[in-house]
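Undergrad: Pasting a structure below so you can have a look.
The values are calculated or read from the model by the stated rules, or taken from the named source; none is laboratory data. What you see is a predicted model; the values in this text were computed from it and never measured. We place every Cβ from the backbone using ideal geometry, glycine too, and count neighbours over all the protein chains shown.
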Amino acid sequence: MTNSKILTLSLILGFFSILFFPTYAQGPSSFKKNTIKGKVMDDELNVPLEYATVTVENVENSSDVEGGITDAQGNFSVEVKNGTYNIKIEFISYETKVFQNRTVKSDLDLGTIKLGMGSENLDEVVVQAETTQVDIRLDKKIYNIGKDLTTAGGTVSDALNNVPSISVDIEGGISLRGNENVRILINGKPSAMAGFGNTDVLSQLPAEAIERVEVITSPSARYDAEGTAGIINIILRKKETLGFNGSITVNGGIPDNGNISANLNYRTDKFNLFTTTGYRYSESPGYAYFDTRYFEPREDIFLGNIEYDRNIEDRDYDRINRGFNSNLGLEYYISDMSSITGAVFYRLGDDRDVTLNRNDYILNGENLLGSNRTETENEEDESIQFSLNYIKRFDNKGHELTADFQFENDSETEDAFIDEPITYNNTDIDAVRVPSESTITVEDQKEYLLQADYVRPIGEDSQFEAGYRGNIENEVTDYKLFQEDADGNFILNENQTNVFDYTENVQALYTQYGTKFGEFSFLLGLRLENTNLKGKIDSELTEEELQEEFSFDIDTDFDNNYLGLFPTVNIIYELGEEENLTLGYNRRINRPRGWYINPFPSRSSRNNIFQGNPNLNPAFSNAFDLGYLKRWEKFTLTSSVYYQRETDAFQRVQEEVLITGPSGQEIEVIRSIPFNLATNDRMGGELGFLYNPADWLRLNGSANLFRFKLDGEFNGIDYSQDNFSWFGRFSSKVTLPWKIDWQTNLFYRGPSDEIQGTQEGILNIDLAFSKEILNEKATISLNVRDIFNGRKRASFTTTEFFEQDSEFQWRQGQSVNLSFIYRFNQKKQRQDRRGNGNDDFDEGEF
């Protein structure tokens, strides 16, 4: 560190000492000041430790505390009055050294102070700069995100797609072990960063913001019971190193995209100020293809009532996404045993999508009519979240109380205009004109969270825990549909226009007890939750008219309560120092979200709609998980088998229905609607490995095979099925000459049977290169994603009315990205002291 930087840092520390320590800033003392100095070094590597903490406490007056931090050479200097002091030297992950009852009447030189790694960390996973490891806990697997080259310049969604057990589909939907009913948490709590139940925001946050990902397939009673597949908890970075440090990331690529973000941290002995702020611009061209063949010819009033038995639709998507997001927080250390943290998250999005649909209408193999349908959609959304966290530690053995309050608000306005001019007409109808449509959707969502957790260790090997959690979420959706009449005027379609007010209120109490005896560790818990789902539909139609319009019973003002007990059991048996077995059981709930309940259709096209079902009930599941972990010198193996039985499981089906147009005419459309199946039995197995045959080569892979059996019917149609599918990952990382890293990632999802058809397999291969520059303070990376353009979904659907071949690609073609990351004043990474890499399970690099 240069002298100018040291001077600047000293001025900053002096400024904050005036703010937070006014009693110590009262002018010159009449007492003589003495200087305590020394040098702090790493005991094994023999290198200086910058930003080590020095605390000097007066033995006779505990409120008389002085301190400082070491500079780049490990040196420190602290001035004190005459007296007797305890001098403590600390550095994160290292042992603490204390000099007790040192009498200071003149300058004191402590000389070179060498710190070794803390004994409590010797058997734990040590995070290295270039890898991602897994840490096995009673109720979770923790993947510490390392330097995954293929996600450099990418988003949180890209990083999640490289974590074992997790897959992200081509539309951004996240699933855990092939099950989409997964709960996404940020720092252990629901968050506006996770998009209030959807995952769009995760496609905007930079991957560099992640510190670790917790995959919780058998959640303990501490966690919300939502999510039958389990929980994915994303922990964002918050540096603990003293002083000012951080990183700046700049990205650019093809298709046109750019991103700049900063991850900054400033910490003193009394507070920690941190922020992750960035702006992102991206263009995402995509396409879709639908070939629908009807078993009986159908008519369309907007096409002059011509009959056709086939419709071929080609879609081209042109998406522009712009977004600013910032997370700013301040943690204040009230004392050594308590702290309070306040944080604000803000996001502003401005998106514009243009979709071009080319439609051909065919009868008996003859092209009758063609049209070009253009949909222009603009979306503006704003999210803000305030959070407050308090921690009180009663001792250093884990006895503590935490309390959280959080408020979130999300506002979104979306308007779309649809125009469909005729491109050719081979019929005897002279004037065929498809009317234009316009939709306006305004959503406002508010969420309140209050949570308290109490942890009390009992002896050396047991722990008691209890807590409360209250979560209230309100979502108001105002939807309007305007359709063009024969005179070119836009008329409000009152049959489809509505306001839907939906509230989800969940109150919960939990308790759990963990203990260890011999080679066994147990964590037993019980959670009591009451779910209150309330909805009110404001429409021009009566309840009877709505039931006739939508062809099923509808309650326009419902208030449903569900009280349930959710037990959890998690067990670990240590077979040896590097080998263990885990067993987990949990009961979970899947609550229907607002858009799944809103019965008014949203229109993806004039002929295709999605409609919610207000009669949906929550689904409940019971799940069992058995895992095995074994480490050798250069090889690590993880595996698990699992079984889950879900009752009243949600499924979406397509059917042909009639809806009413603005002039009272009936229009035939294909409706997609969710419903409660009777049961869903899901079973499967996971296998993962890491092999490090040499320092320059790292190989890892995983596979997940699962089978699910559905049983149920809807509207008199049996949708039962028995399905098998799988997905797998493989990654290799090679260090080339000149310290260039080369990484290749492969992902394949196997074909599967759906309740109304089949889906083909998906192949994705990514390639990346990386090089450390500027004395390893910066990294430049180049990656190419989907090099064979295989990340697309091809499927076949059949119903009693039609059959359909379709293909969809959210982001068409390959993408190339160049990323530059500059780090400053960051703590040097520790090397693996065990020397054999046994604790490195590199699955996160897939």
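Undergrad: Do we have S806 as of a type in the set (S, T, N, Q), surrounded by 15 or more Cβ atoms within 10 Å (Cβ to Cβ) and either within 30 Å of T249 (Cβ to Cβ) or under 28 Å from the mean Cα position of the chain (by Cα) (or both) here?
TA: no
Undergrad: Please tell me if S106 is at pLDDT 60 or above and polar (S, T, N, Q).
TA: Yes: the conditions hold for S106.
Undergrad: Name the residues in the range 555-568 that are assigned to a strand (DSSP E or B) and crowded, with 17+ Cβ neighbours inside 10 Å, would you?
TA: Result: F566, T568.
Undergrad: Being outside any strand (DSSP E or B) and closer than 22 Å to F417 by Cα is the filter here; which residues of the range 600-651 pass it?
TA: F600, P601, S604, S605, R606, N607, Q611 - these are the residues of the range 600-651 that are outside any strand (DSSP E or B) and closer than 22 Å to F417 by Cα.
Undergrad: Which residues, taken from the range 299-335, are surrounded by fewer than 16 Cβ atoms within 10 Å (Cβ to Cβ) and modelled with pLDDT under 90?
TA: Selection gives E299, I301, N305, S335.
Undergrad: While we're here: Residues of the range 765-821 being acidic (D, E) and over 30 Å from W738 (Cα atoms), which ones?
TA: The answer is E800, E803, D805, E807.
Undergrad: Restricting to the range 699-729, name every residue that is modelled with pLDDT of 85 or more and under 15 Å from F635 (Cα atoms).
TA: Across the range 699-729, the qualifying residues are L699, G701, S702.
Undergrad: Please name all residue pairs, on different chains or six or more residues apart, with Cβ atoms under 9 Å, provided the first residue is in the range 425-436 and is within 14 Å of E484 (Cβ to Cβ) and the second residue is loosely packed, with under 10 Cβ neighbours inside 10 Å and among the small types (G, A, S).
TA: Taking only residues 6 or more apart or on different chains, the pairs are R433/A486; P435/A486; P435/G488; S436/G488.
Undergrad: What about F769, is it of a type in the set (A, V, I, L, M, F, W, C), surrounded by 15 or more Cβ atoms within 10 Å (Cβ to Cβ) and within 30 Å of V653 (Cα to Cα)?
TA: no
Undergrad: Right, next: Is it the case that some residue within the range 441-450 is part of a loop (DSSP other than H, G, I, E, B) and touching a residue at least 24 places away in the same chain (Cβ under 8 Å)?
TA: No; the residues of the range 441-450 include none that is part of a loop (DSSP other than H, G, I, E, B) and touching a residue at least 24 places away in the same chain (Cβ under 8 Å).
Undergrad: Hey, another quick one. For N789, only one of the following conditions fails: (1) assigned to a strand (DSSP E or B); (2) within 25 Å of D316 (Cβ to Cβ). What is its number?
TA: Here N789 meets the rest and fails (1).
Undergrad: Something else now. Looking at L528, is it under 20 Å from R469 (Cα atoms) and assigned by TED's automatic domain parsing to the domain that holds I670?
TA: yes
Undergrad: Just checking, how many residues over the range 457-493 are buried (at least 17 other Cβ atoms within 10 Å of the Cβ) and either modelled with pLDDT of 95 or more or within 30 Å of N396 (Cβ to Cβ) (or both)?
TA: 6
Undergrad: Looking only at the range 301-337, how many residues end up being out of contact with any Leu (no Cβ under 9 Å at 6 or more places or on another chain) and more than 23 Å from G258 (Cβ to Cβ)?
TA: Qualifying residue count, the range 301-337: 12.
Undergrad: Something else: Restricting the search to the range 478-510, which residues are aliphatic (A, V, I, L, M) and under 28 Å from the mean Cα position of the chain (by Cα)?
TA: Matches in the range 478-510: V506, A508, L509.
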